[in-house]
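> One structure is given below, represented as structure tokens, and several questions about it will come after.
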Amino acid sequence: MMIFLFLRLNLNNEIIASLNTQIKKFSTIETTAFELLKQWDGNMPIDSKGNSIFQLTIYHILKATLEPSLGKDYFRIYMNNLDHWDFFKNLMYKKSVPFIGDSTNSKEEVFNNLIYTGFKNAILEITKKLGKNSDSWEWGNIHTITYEHPLGKVSPLDFIFNLGPFPMPAGNNVINKSMSTPGKHDYKVTSLPSTRRLIDIGNPENSYSIIPSGNSGNFWSKHYDDQLELFLNGKYRKINFSKTQVNSNSKHELLLTPN
């Protein structure tokens with residue numbers, strides 16, 4: 001966990017260092033965003049504004065670097081490849097921008113201009129989506145999850161069967177993996193852990209688990225979404241692990257009798 005946190009903070013420091021050379025270009029709202037970026041602690045809860053700026057800045061830096069050469073379609077395809085994350089790290093640490101023609105600017109100036117372009121476009125996007133009031137720039141307002149029922153793929157059944165959208169913490173390159181599709185650039189979570197478990201090997205009756213929504217696929221069942229809030233908040237429920245626990249805590253019994 002600390003390794004991933006350190007990496008995010010390290011990359012953010014590289015962005016901040018580059019943007020420090022461009023402060024004279026900042027608009028008032030970019031100055032506000034820059035302060036939030038400097039205050040960011042590297043974590044990704046739903047109320048983080050710094051993470052919203054960080055994530056969108058990464059995307060727009062990559063877009064400014066690659067899309068002119070790859071085109072929109074191939075850029076979108078490449079962003080769905082995990083290699084884009086390694087490309088970004090190399091770009092930030094080597095400070096050398098590939099795919100550029102002859103330039104009268106120095107290597108350092110080209111790099112710093114690229115970072116500012118990415119940052120500027122990120123702030124343009126976030127203000128377009130969430131408004132100019134930075135209080136609304138929380139990560140959970142961008143990064144969301146909808147639990148989609150098979151019948152909910154068709155409107156208006158989605159309003160009946162689907163759950164969400166809900167604000168979702170974390171993201172792609174973290175321990176608490178809640179994956180969106182980078183190429184789509186909509187930050188809608190498309191995959192996540194199907195279960196989380198804490199098993200006490202020495203005392204399995206003292207074990208915990210959680211699943212994303214509920215045990216039942218029946219919309220009318222109270223077990224359709226009774227674990228949803230716990231999952232979204234990173235909490236767990238006790239497992240009835242042993243036969244004794246199951247018998248002591250049973251609420252209902254389903255008997256399947258053959259003909």
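Nothing in this text is a laboratory measurement; each read-out follows from the coordinates by a stated rule. For clarity, every value in this text was computed on a predicted model and none was experimentally measured. Glycine also receives a Cβ, built like all others from the backbone with ideal geometry; neighbour counts cover every protein chain displayed.
> Which of G171, G140, G152 ends up with the largest GNM mean-square fluctuation for the chain, with Cα atoms connected below 10 Å?
G152
> About the Cα centre, and with charges only on the beta carbon of Lys, Arg (+1) and Asp, Glu (-1), how big is the dipole of the chain? Nearest 20 debye, please.
On the way: 28 positive and 24 negative charges, 11 e Å.
The dipole magnitude comes to about 60 debye.
> Of the candidates P167, P98, P156, which one comes out as most mobile in a Gaussian network treatment of the chain with C-alpha springs shorter than 10 Å?
Highest fluctuation among the options: P156.
> Divide the volume of the convex hull of the Cα atoms of the stretch 100-218 by its number of residues and quote the answer in cubic angstrom per residue. Don't skip to the end; give the middle numbers.
Working: hull volume 24.9 nm³, N = 119.
Hull volume over Cα atoms, normalised by residue count, gives 209 Å³.
> Let me ask something additional. With a ≥ b ≥ c the root eigenvalues of the C-alpha gyration tensor of the stretch 148-259, is it rounded (a/c under 1.5), prolate (a/b larger than b/c) or oblate? Write down the numbers at each step before the final one.
Numbers: a/c = 2.76, a/b = 1.32, b/c = 2.09.
It is oblate, given that a/c is not under 1.5 and a/b is not larger than b/c.
> For the chain, take the longest principal axis of its alpha carbons; what is the angle in degrees between that and the long axis of helix 83-94, to the nearest 10 within 0 to 90?
The helix 83-94 is inclined about 40 degrees to the chain.
> What angle do you read, to the nearest 10 degrees and between 0 and 90, between the alpha-carbon axis of helix 49-79 and the longest principal axis of the chain?
70 degrees
> Set the Förster radius R0 to 35 Å, insert the Cβ-Cβ distance between Y208 and I23 as r into 1/(1 + (r/R0)^6), and round the FRET efficiency to 0.05.
On the way: r = 48 Å, r/R0 = 1.38.
The value I calculate is 0.15.
> Follow-up question, since we're still on this one. Can you tell me what the convex hull of the Cα atoms of the stretch 194-245 projects to on average, as an area in nm²? Don't jump to the answer; show the numbers that get you there.
Values: hull surface 16.4 nm².
So the mean shadow area of the Cα hull is 4.1 nm².
> Using only Cα atoms, find the angle between the long axis of helix 107-130 and the longest principal axis of the chain, and express it within 0 to 90 degrees, rounded to the nearest 10.
50 degrees
> A further question follows. Rounded to the nearest 500 deg cm²/dmol, what is the calculated helix-only ellipticity per residue at 222 nm for the chain, with -39500 (n - 2.57) per DSSP H run of length n ≥ 4? Spell out each step's value before the answer.
Working: 8 runs with 113 residues, N = 259.
Rounded to the nearest 500, it is -14000 deg cm²/dmol.
> What number results when the radius of gyration of the stretch 2-141, computed over Cα atoms, is divided by 2.2 N^0.38 Å? Write down the numbers at each step before the final one.
Details: Rg = 14.7 Å, N = 140, 2.2 N^0.38 = 14.4 Å.
In units of the 2.2 N^0.38 Å rule of thumb, it is 1.02.
> Looking at the chain as a GNM with Cα springs under 10 Å, which of Y93, Y59, Y78 has the largest mean-square fluctuation?
Y93
> In Å, what Rg and Dmax follow from the Cα atoms of the chain?
According to the Cα coordinates of the chain, Rg and Dmax are 22.7, 84 Å.
> So between F6 and V246, what do we pick up on full extension, going 0.36 nm a residue minus the alpha carbon distance?
Values: separation 240, 0.36 × 240 = 86.40 nm, distance 4.27 nm.
Using 0.36 nm per residue and subtracting the Cα-Cα distance, I get 82.1 nm.
> Over the chain, what is the mean sequence separation of C-alpha contacts under 8 Å (at least six apart), divided by residue count, expressed as relative contact order in percent?
It comes to 16 percent, rounded to a whole number.
> Full-extension gain between E108 and Y93, please, as 0.36 nm times their residue separation minus the C-alpha to C-alpha distance. Don't skip to the answer; put the middle values down first.
Values: separation 15, 0.36 × 15 = 5.40 nm, distance 1.22 nm.
The E108-Y93 span can extend by a further 4.2 nm.
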